[in-house]
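Engineer: Sharing a structure, written as structure tokens. Questions coming.
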Amino acid sequence: QVQLVESGGGLVQPGGSLRLSCAASGITFSIYAMGWYRQAPGKPRELVAQITAGGSINYADSVKGRFTISRDNAKNTVYLQMNNLKPEDTAVYYCNANWYKLTNWGQGTQVTVSS
């Protein structure tokens, strides 16, 4: 049974930082591409950042230079360090694990950026 459990969301002021974590179980974590997506109210879900099994990384243009994705295969965990947060970063953030046609989602964690 695949489980992706996100944590680390919350309320933060503009300019602040948060670190999201996603702990995976039930998969061979090291072979999966891991990603963070987000969905704001009334908007489609969008890719924020992805890290492949080989360590290649890509970011959405809107978060480049502010967010950093990383993975720890020994802990079956992927992280998203978010700095200089903006109100437009407010969304539910979802963890994704993908290997070929197999894809799994976490339940999401709310990030709210507001003063």
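Engineer: Quick one: would you say Ala97 is in contact with a helix residue (DSSP H, G or I) (Cβ under 7 Å, 6 or more places away or on another chain) and either outside any strand (DSSP E or B) or open to solvent by less than 70 Å² (accessible area, probe 1.4 Å) (or both)?
Structural biologist: no
Engineer: In this structure, is Pro14 more than 14 Å from the chain's Cα centre (by Cα), surrounded by 13 or more Cβ atoms within 10 Å (Cβ to Cβ) and modelled with pLDDT of 95 or more?
Structural biologist: yes
Engineer: Given the criteria modelled with pLDDT of 95 or more and open to solvent by 60 Å² or more (accessible area, probe 1.4 Å), does Gly65 qualify? Break it down into steps so the answer makes sense when it comes.
Structural biologist: Values: modelled with pLDDT of 95 or more: yes; open to solvent by 60 Å² or more (accessible area, probe 1.4 Å): yes.
Considered against the rule, which asks whether it is modelled with pLDDT of 95 or more and open to solvent by 60 Å² or more (accessible area, probe 1.4 Å), Gly65 comes out as yes.
Engineer: Take Gly65 and tell me if it is under 20 Å from Pro14 (Cα atoms) and outside any strand (DSSP E or B).
Structural biologist: Values: under 20 Å from Pro14 (Cα atoms): yes; outside any strand (DSSP E or B): yes.
Yes; evaluated as a whole, the condition is true for this residue.
Engineer: Still on this structure: Go through segment 69-87 and give me each residue that's assigned to a strand (DSSP E or B) and buried (at least 17 other Cβ atoms within 10 Å of the Cβ).
Structural biologist: Across segment 69-87, the qualifying residues are Ile69, Arg71, Thr77, Val78, Tyr79, Leu80, Met82.
Engineer: Need pairs with beta-carbon distance below 7 Å; first residue charged (D, E, K, R) and within segment 91-115, second open to solvent by 70 Å² or more (accessible area, probe 1.4 Å); sequence gap 6+ or separate chains.
Structural biologist: From residues that are charged (D, E, K, R), there are no pairs.
The values are calculated or read from the model by the stated rules, or taken from the named source; none is laboratory data. Please read all numbers here as calculations on a predicted model, not as lab measurements. Neighbour counts are summed over all protein chains in view; Cβ atoms, including those assigned to glycine, are modelled from backbone coordinates with ideal geometry. With ligands, DNA and RNA removed, areas are computed over all heavy atoms of the protein, side chains included. Shrake-Rupley method; radii C 1.70, N 1.55, O 1.52, S 1.80 Å.
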